[in-house]
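The values are calculated or read from the model by the stated rules, or taken from the named source; none is laboratory data. All values derive from a computational prediction rather than experimental measurement. With ideal geometry, Cβ positions are generated from the backbone for all residues, glycine too; neighbour counts draw on all protein chains shown. The area values use the complete protein model at the heavy-atom level, side chains included, leaving out ligands, DNA and RNA. Shrake-Rupley method; radii C 1.70, N 1.55, O 1.52, S 1.80 Å.
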Amino acid sequence: RPVLPYYTTKSQNEFMELWLLRILSTVPPLINREWPNMARTIIKGGYILSMDKKVGDLPKGDIFIEGDKIIKIGRTVRASDAKIIDATGMIVMPGLINAHLHTWQTGIRGVAGNWSIPEYLHHMHAQIAPRFSANDTYLGNLIGSLNQISNGATTVFDWCHNNATPAHSDAGIQGLREAGIRAVFGHGSPKPDAKKNQTPFTHIPHPRTEIERLRKGELASDDALVTLAMAVLGPDFSTWEITEHDFRLAKEFDLLVSAHVWGAPNRMNKDGYTRLAKLKLLDKRHNLVHGVYLTDRELKTVLDTGASVTVTPEVELQMGHGTPRTGAIRDLGHRPSIGVDVESNISGDMFTVIRMTLQSQRNLDNQRINKKTKGPVTALTIKPREALEWATIDNARALGLESKIGSLSPGKQADIILINTNDLNLFPVHNPLESVVFHANGSNVHTVMIGGNVLKRNGKL
């Protein structure tokens with residue numbers, strides 16, 4: 001019911017209430033995007049890159065959507081009372097997934113382009129972050145998520161480590177929800193410099209009361225558009241007692257748990273992951289970020305438990321984390337997940353992340369081949385399809401969402417983007433997959449659908 005001004009008589013109140021409800025009934029629901037949407041839609045006549053080996057690629061095909069799910073994919077699909085989205089001249093593919101983003105930093109773009117990792121940790125976490133109000137976090141998450149949608153990312157792992165109060169967490173969640181993006185909200189903790197006689201953040205356990213509040217309240221459901229995860233300090237940034245406490249807390253509440261391991265030589269727990277594995281606190285619910293100084297043996301220990309490792313190559317190359325572990329992960333028979341990391345110094349465009357991850361590793365592989373053969377490289381080591389899989393099905397797997405998103409498959413959520421092949425930077429398209437990987441950017445994203453709801457159309461949100 002709308003909030004009404006006070007009127008002196010009951011009849012006046014009833015009249016105004018009916019009048020306002022009649023006006024509001026003509027307005028589409030723009031804010032609450034989790035209301036049921038039972039619309040029937042056919043995306044018709046596009047080039048389908050399904051990223052599903054069973055479905056394959058269709059040079060010209062249709063996708064039938066009912067409510068929030070994909071029902072059928074084929075060369076020609078018919079359904080009564082279905083709205084038609086004309087995809088002629090479009091590449092139709094699953095929405096990109098951003099496996100690592102500190103979305104709250106959207107409002108301070110451009111401040112960190114010349115920072116090393118020690119400078120980032122000091123300037124960002126000790127100086128800037130403590131000045132953030134809850135409303136600043138809300139705005140960063142709202143605008144940052146809208147930017148992700150506009151650039152073709154339908155899902156984001158929002159690694160929110162600037163939530164000094166419950167109000168900051170609630171504001172961050174509100175920003176994600178208002179944008180309409182699918183998100184894993186990683187509840188983190190601040191990293192300020194300790195003042196005199198204060199306990200340093202490395203010795204402070206993740207707040208159980210907050211995890212319990214969110215898990216039993218606002219983010220109780222694992223089937224909602226926004227779900228809960230824990231973004232913990234991990235072995236690099238906390239004592240062993242805190243590390244073990246945080247991982248046990250995540251296991252108790254059955255949550256995805258993620259930790260930064262950028263891996264400087266002065267790591268607090270150099271054998272932390274070995275110990276976590278022995279305690280059976282590592283499994284597919286763990287996501288490790290960066291991990292650049294982990295030994296190959298440690299990396300194998302982590303990956304063999306089913307955990308994922310996310311690389312953020314552009315930030316890692318700039319700030320001095322070390323060489324991205326893309327190749328090491330692949331050499332061990334696994335796949336990386338990939339993400340932006342921070343918009344305070346780089347673009348939030350996942351198309352750029354795909355290219356940076358692929359080409360930086362190709363360069364390393366080429367150098368290795370040159371050194372071994374003393375001759376030119378005759379074949380490249382990584383195919384473009386694999387790079388696109390990193391940003392779709394592999395990222396979905398890292399977030400524990402591969403049964404819902406990451407490919408265009410019957411039964412999965414209708415998280416779909418359309419890319420306009422007639423745009424000047426793409427036309428002519430001879431190989432749609434390579435056009436996406438090597439040429440596309442956010443400006444080419446014509447349509448974005450998340451859970452059956454169209455959030456971008458004709459190139460506009």
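Some notes on this structure:
- Given Lys300/Lys371; Lys300/Lys404; Lys54/Lys284; Lys270/Lys412; Lys72/Lys280, the pairs whose alpha carbons are separated by over 31 Å: Lys270/Lys412; Lys72/Lys280
- ³J(HN,Hα) computed for each position of segment 357-364 - Karplus, 6.51 cos²θ - 1.76 cosθ + 1.60, integer Hz, glycine/proline x: 5, 5, 6, 5, 6, 4, 4, 4
- Per DSSP, loop trypsin sites (Lys or Arg not before Pro) in segment 363-422 with at most 14 further Cβ within 10 Å: Lys374
- Listed residue pairs exceeding 27 Å between alpha carbons, taken from Lys60/Lys83; Lys53/Lys374; Lys195/Lys251; Lys60/Lys460; Lys216/Lys251; Lys44/Lys456: Lys53/Lys374; Lys195/Lys251
- The residues of the chain have, on average, 45 Å² of accessible surface per residue, using a 1.4 Å probe with all protein chains present.
- Filtered trypsin sites (Lys or Arg not before Pro), segment 205-295: DSSP coil and at most 11 other beta carbons within 10 Å: Lys280
- Theoretical ellipticity at 222 nm over the chain - DSSP helices of four or more residues, -39500 (n - 2.57) apiece, nearest 500: -9000 deg cm²/dmol
- The aspartates and glutamates whose alpha-carbon is closer than 18 Å to the alpha-carbon of Lys372, local same-chain residues fewer than 8 away aside, are Asp331.
- Segment 202-252-segment 136-158 distance, computed between alpha-carbon centres (Å): 22 Å
- FRET efficiency, 1/(1 + (r/R0)^6) with R0 45 Å, evaluated for Thr295 and Lys53 via beta carbons: 0.85
- Put the Cα centre of segment 163-192 next to the Cα centre of segment 314-372 and the gap is 27 Å.
- C-alpha center-to-center spacing [segment 382-428, segment 45-77] in angstrom: 12 Å
- Accessible surface of segment 332-390 [probe 1.4 Å, protein heavy atoms]: carbon and sulfur percent: 54 percent
- Cα-projected label distance for Leu424 with Lys69, points at 7 Å along beta-carbon direction, nm: 4.4 nm
- Extension gain, Lys196 to Lys284: 0.36 nm times the residue separation minus the Cα-Cα distance gives 27.7 nm.
- In sequence order, segment 247-259 has phi-based couplings of 5, 5, 5, 5, 5, 4, 9, 6, 10, 4, 10, 10, 9 Hz under the Karplus curve 6.51 cos²θ - 1.76 cosθ + 1.60, θ = phi - 60°, and Gly or Pro positions carry x.
- Of the listed residues Phe438, Phe247, the order by accessible area with a 1.4 Å probe, largest first, is Phe438, Phe247.
- List Phe157, Phe427, ordered by accessible area with a 1.4 Å probe, largest first: Phe427, Phe157
- Each residue, Arg131 and Val111, gets one label point 7 Å from its Cα in the Cβ direction; the gap between the two is 0.6 nm.
- Antiparallel content of DSSP bridges confined to the chain, in %, to 5: 45 percent
- The accessible surface of segment 54-121, taken with every protein chain in place and a 1.4 Å probe, is 49 percent carbon and sulfur.
- Antiparallel bridges, percent of DSSP beta bridges restricted to segment 31-189 (to nearest 5): 45 percent
- On the beta carbon distance between Glu241 and Arg213, with R0 = 25 Å, the FRET formula returns roughly 0.60.
- In plain terms, the chain from Ser443 to Leu121 could stretch by 112.7 nm, reckoned as 0.36 nm per residue minus the Cα-Cα distance.
- For segment 163-231, applying the loop criterion from DSSP together with a ceiling of 10 other beta carbons within 10 Å to the GluC sites (Glu not before Pro) yields no site.
- Solvent exposure, largest accessible area first (probe 1.4 Å, DNA, RNA and ligands not counted), of Tyr293, Tyr120, Tyr47: Tyr293, Tyr47, Tyr120
- In this simple spin-label model, placing a label point 7 Å from the Cα along the Cα-to-Cβ direction at both Lys270 and Thr165 gives a separation of 4.2 nm.
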